[in-house]
Amino acid sequence: MADTAIALPFDAEAAAASRRHFWSRFAIYGLLALFAVIYLVPLLVVVLNSFREQEEIARNGLISLPQSFRLNAWSDAWGTYCIAGTCEGMKRNFLNSLWMTIPATILSTLLGAINGYVLSKWRFRGSEVLFTCMLLGVFMPGQIALMPWAFVLGKLGLTNSTYGLILVHVIQGISFTTLFCRNYYVGIPDDLIKAARIDGAGFWRIFRKIILPLSPPILIVTVIWQFTGIWNEYLFGVVFTSGQQQPITAALVALTASGTTARSYDVMSAAVLIGALPPLLIYLFGGKYFVRGLTQGAIK
Amino acid sequence: MSTHDLTIPIAAPARPWRERLGTLIPILVLAPSLAASFVYVFVFAAWTLYLSVSTSSLLPSYGFAGLDNYMSLWANRRWNIAYTNLFFFSGFYILGSMAVGLLLAILIDQRVRGEAVWRTIFLYPLAVSFIVTGTVWSWLYNPADGIQALVRGLGWSSFNFALTSDRNLAIYAIIITGVWQSSGFAMALFLAGLRSVDPDLIKAAQIDGASTFRTYRRVILPTIAPIFLAVAVIQIQFAIKTFDLVAALTRGGPGVSTTFPAIYVYDLMFQRGQIGEGAAAAVMMLAALAVVLVPYSLWVVWRRRRESGHG
């Protein structure tokens, strides 16, 4: 009897609280779902349209449920679609991007690791000032370097070539990779290095035996970041290369601009996805490192 | 001399040589990168600076033209549109993506289920290039095939959403797409900030009876104020360098209505053969970045010094 007397008002309060809790949870998930739809619909539209028939897209619009399913758009976009007179699809440009991005990523990451090692563990007088000067490269707008690069690439005979773009991306990337690696290596205790030096280990031995084994986390972050950035770059690609030599970003703009006749959304959707797929896959599989790079990069 | 450096330590480990080599190696290893960065940052910038006061037109030439290029740049109506667009875009883009990013971060911070999934969804646009985003959104904005067609097809036949074909509205299309692409980035940074707030501080506020809303407004958000500034500075950088997004979305049109400084530089240098004036515009972009970044970096250094002084 006494128990229920105490329990009754308590219950009402608890019910009100749980009702409030329910509605606040409802609002939270509702808002999240709303934004998720806004974020996913563009991706969904492109994916679906790459499998729909062009006639159906023309009839029902871009955003509607598919009534047909075919794979032709993908093979067209990859191998036979015509961009500005040549009918080889995106294959060449995709491979250009790949052969540009992979070497540039590896080179800039390696250089960044070694530079970061020197600037954190082998400091010398003035090394902090030099580091600050290198950092300025992170903030330089590409437009400032366009004419000088055009001149240098011309002198080196690397105009309109993937090698030229590799050079540009490596040098542009060094400041970024050095920053990443240096900030990570600063956290490795100096005593470790000192002990190794007393044991007689030299510069390279310490790098190989101590620094590199501790490096995978930062190297993965750097590689992901560099790969995504270089693959997605457009300005240098469109300025320093043309036609068959263009990376995929430049080719995509050329492809969608050349649609003076009826727009074939099916093929263009597939082409866009081909261009977006490598960084998307990297993001999906290395998302954790991607976010880590993001937050680290922001603290620069 | 250099052959001695290399051979002697191997032949006989004479300590002084070895030590000298030891101190030289790091500098030698760093030298190529340093030289390349130095050329890239200082020589290239000085070069473009020089081009901007030269008589260059179709080809670079090195006659001195004083400030002529800058005069004609600032007298140009299209440049006027470009930097007006930049200010307008920057304001809405930064506020928009920070507002959306903060909202998403706070929502995710409410101990929701499937946090990783939500985060992945909101952040994936950042992995994709502005070219891809711009292209896809240009289709969605296309009045005949995209969002307008969809809504009209649902029965609202007077619905108007033809942003990219209206010279007064096209800038909003760029803002919306920019916010869509970057608010995930703001979210990630805000979330990292929210997670770094001292939990005791939050508990204390809750014990005092503060509502969730009040706790955020009075306790949590003020402690992550530096993150707001960091996000804003990074977004301003993006905005000043905006090129790809506009190139893919509107190509600067309709007409010249969505010209941005970066578009203007590209156009003058490589489409119209006015290298001198294009270089002047590029220098203005650099100046804009410096105006934002120099005070910010000084502030960050100052704050770090003060914190380490106290700690």
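Nothing in this text is a laboratory measurement; each read-out follows from the coordinates by a stated rule. For clarity, every value in this text was computed on a predicted model and none was experimentally measured. So basically every Cβ, Gly included, is an ideal-geometry build from the backbone, and we count neighbours across all protein chains shown.
Descriptive notes on the structure:
- Along region B:80-86 the Karplus relation, 6.51 cos²θ - 1.76 cosθ + 1.60 evaluated at θ = phi - 60°, assigns HN-Hα couplings of 4, 4, 4, 7, 4, 4, 4 Hz to successive residues, with x for each Gly and Pro.
- Once you reduce region A:165-195 and region B:162-205 to the center of their Cα atoms, the two points are 30 Å from each other.
- Principal axis dimensions, region A:91-298 - Cα atoms, whole angstrom, descending: 72, 40, 26
- The protein assembly as shown, helix-only ellipticity at 222 nm - DSSP H runs n ≥ 4, -39,500 (n - 2.57), divided by all residues, nearest 500: -23500 deg cm²/dmol
- Distances between placed amide hydrogens fall under 5 Å for A:ILE83 paired with A:GLU88, A:GLY89, all partners being 5 or more residues away or on another chain.
- Under a 5 Å amide H cut-off, with hydrogens placed 1.01 Å from N, B:GLY253 pairs with B:THR258 among residues at least 5 apart or on other chains.
- Across region A:159-168, rounded Karplus estimates of 3J(HN,Hα) from the backbone phi angles (6.51 cos²θ - 1.76 cosθ + 1.60, θ = phi - 60°) give 5, 6, 9, 4, 4, x, 5, 4, 4, 4 Hz, Gly and Pro being marked x.
- Summarising the amide proton neighbourhood of B:SER54: residues at separation of 5 or more, or on other chains, whose placed amide H is nearer than 5 Å comprise B:ALA65.
- Here the simple spin-label model places points 7 Å from the Cα toward Cβ, and for B:ASN168 and A:ILE106 these points are separated by 5.6 nm.
- Shape analysis of the protein assembly as shown yields a ratio of the Cα radius of gyration to the Kirkwood radius, Rg/Rh, of 1.02.
- Listed residues B:TRP299, B:TRP74, B:TRP180, most fluctuating in chain B (Gaussian network, C-alpha, under 10 Å): B:TRP299
- Partnerless cysteines, meaning none of the other Cys C-beta atoms lie under 4.7 Å away, in chain A: A:CYS133, A:CYS181
- Karplus-derived 3J(HN,Hα) values for region A:101-115, using 6.51 cos²θ - 1.76 cosθ + 1.60 with θ = phi - 60°, are 6, 5, x, 5, 5, 4, 4, 5, 5, 4, 4, x, 5, 5, 4 Hz; glycine and proline are entered as x.
- Listed residues B:ARG272, B:ARG217, B:ARG167, most fluctuating in chain B (Gaussian network, C-alpha, under 10 Å): B:ARG217
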